[in-house]
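Asker: Mind having a look at this structure? Questions to follow.
The values are calculated or read from the model by the stated rules, or taken from the named source; none is laboratory data. Since this is a predicted model, take the numbers as computed values, not measurements. Here the Cβ positions follow ideal geometry from the backbone for every residue, glycine too, while neighbour counts run over all protein chains shown. These accessible areas exclude ligands, DNA and RNA; they are computed on the full protein's heavy atoms, side chains included. Shrake-Rupley method; radii C 1.70, N 1.55, O 1.52, S 1.80 Å.
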Amino acid sequence: MNGSRGAAPRLHHWAECVDAYLDGELSATDRAAFEAHLVDCSGCRESLAGLRDLQVHLASLPEQVLGRDLTGSVLAAVDTGRRSVGPAQSLADTRRTEPVTLAGGGRLALLAQAVAAVVLAVLVARDFRADPSSFAADTTSLAADVGRLPSLLDGLQEADAAAAWRVEEWASAAAVPVDMPTAMDWGSLERDLESVPAAAWAAGALFGVLAVVVANRALLAGPRRGATAGSRS
Amino acid sequence: VVSASESDLVLRARDGEREAFGSLVRDHQEAVFNVCYRMLGDRPAAEDMAQETFVRAFQKLSLLDVSRPFGPWIRRLAVNVVLNQLARERPLMAPFDERRSGGEAADHGPPEAQALIADRSAAILEAIRTLPPHYRAVIELRHFQELSYREISDTLRIPLSDVKSRLFRARRLLMGALGTDVR
């Protein structure tokens with residue numbers, strides 16, 4: 001566009017003036033300045049012609065016929081709104097998805113979990129960046145520790161095996177059917193855990209945090225106001 | 001200028017008289033539906049939004065200055081209701097569906113002429129629908145409701161400079177979509 005030729009001091013952007021001119025939004029002074037500019041600027045004249053074409057296009061859009069009377073469904077929706085939310089509250093507001101509200105304690109718990117998750121993520125990321133190989137070793141060690149914990153429980157169960165045997169004997173003598181639990185193969189679980197790659201551990205941790213957040217939102221959400229109303233008749 | 005009957009209807013509806021509000025709905029439902037339809041390009045969705053607009057209007061009647069006409073007020077409200085809905089849903093820009101749009105335009109002469117108008121209308125509506133929602137709103141308010149920049153600014157609660165820039169961008173996008181010369 002022919003930028004400044006013949007420009008009035010206040011009209012720096014002729015391109016925007018084309019729209020304002022078409023819309024009757026220029027002051028009398030600016031309008032006169034722009035019309036003077038138009039004489040010399042073919043670019044602005046073409047812009048103006050293009051905008052006028054668009055205006056004609058849009059004006060040619062026919063009105064659509066609604067085809068049915070909305071009165072009944074609107075009044076039904078209004079009535080439902082009155083019953084469920086009262087006159088001072090917009091029914092439309094009840095349709096809006098309300099943000100989940102947490103009770104004070106719930107908010108605190110969620111905040112604490114978020115902080116803990118961030119701290120954990122930072123610590124893990126720092127270790128990983130420092131030495132990825134040791135990070136992998138750490139996760140293997142973690143898997144072993146997880147495996148050892150139930151082994152201790154297995155030990156307790158074995159220590160009480162005699163008592164269990166006595167219970168079975170008594171049950172047999174009394175002809176009472178009994179199904180004693182057998183010890184779980186924790187060693188196998190430990191081996192399985194050791195084979196889990198570091199990335200899977202990280203993904204699992206992330207999933208766990210997300211699951212806690214989602215559960216919090218679901219369990220601690222405040223009651224939603226009103227119900228959707230006003231379906232089409 | 002507001003007719004005595006319209007301001008009376010508004011006052012009675014404000015007092016909770018449902019029949020008075022029903023009359024306002026009957027008088028303005030076509031216009032409100034058309035606002036929604038131009039912004040959505042989808043008849044069922046436009047009907048839903050028209051209904052929603054009236055429900056919201058009923059709740060906001062106390063805010064209406066009865067010395068001002070009801071029609072422009074509710075048409076502006078419709079734009080905001082649709083904008084809010086679009087912001088909530090963030091719908092995908094699905095191709096314009098003629099089945100949802102065509103066939104029910106007002107009668108405009110012989111069949112050939114009507115077919116031509118239908119084609120052109122579909123192209124215009126499709127072009128509008130490809131715009132981002134806030135651009136559709138300024139096009140609706142300026143070109144179809146003929147509001148001034150200041151009025152658009154007040155309706156959408158955006159600065160005057162945003163009205164100008166959105167209108168500028170929206171029009172260039174429309175001209176591009178419609179094959180009008182873009183300059």
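Asker: If you count, for every residue in B:69-77, the Cβ atoms of partner chains within 10 Å of its Cβ, what is the mean?
Answerer: Mean partner shielding for this stretch: 0.
Asker: Probe radius 1.4 Å, ligands and nucleic acids left out: can you give me the accessible area buried at the A-B interface, summed over both chains, in Å² to the nearest hundred?
Answerer: 4600
Asker: Are there residues in segment B:122-171 whose accessible area shrinks by at least 20 Å² when all protein chains are included rather than the chain by itself, and which are they (probe 1.4 Å, ligands and nucleic acids not counted)?
Answerer: Residues losing area: B:124, B:142, B:143, B:144, B:149, B:168, B:171.
Asker: Among B:154, A:23, B:8, B:15, what's the order by accessible area (1.4 angstrom probe), most exposed first?
Answerer: My answer, sorted largest first, is B:15, B:154, B:8, A:23.
Asker: Given the Cα-Cα distance of residue A:60 and residue A:13 and 0.36 nm per residue of separation, how much length would full extension add, in nm?
Answerer: 13.9 nm
Asker: So which residues in segment A:45-68 end up with at least 50 square angstrom less accessible surface once the other protein chains are there, compared with the chain by itself, probe 1.4 angstrom?
Answerer: Residues shielded by partner chains are A:54, A:57, A:58, A:61, A:62, A:63, A:64, A:65, A:66.
Asker: Taking N as the number of residues in segment B:13-63, what is its Cα Rg relative to 2.2 N^0.38 Å?
Answerer: In units of the globular-protein estimate, segment B:13-63 measures up at 1.17.
Asker: Express the accessible area of segment A:26-78 per residue in Å², computed with a 1.4 Å probe while the remaining protein chains stay in the model.
Answerer: Here the per-residue accessible area is 41 Å².
Asker: Which value in nm describes the separation of the simple spin-label points at residue A:52 and residue B:151, placed 7 Å from the Cα toward the beta carbon?
Answerer: Rounded to a tenth, the inter-label distance reads 2.4 nm.
Asker: Let me know the mean shielding of A:71-81 by other chains, meaning the per-residue number of their Cβ atoms within 10 Å of its Cβ.
Answerer: Neighbouring Cβ atoms belonging to other protein chains average 6 per residue here.
Asker: Could you state the accessible area per residue of segment B:1-89 in Å², with a 1.4 Å probe and every protein chain left in place?
Answerer: 39
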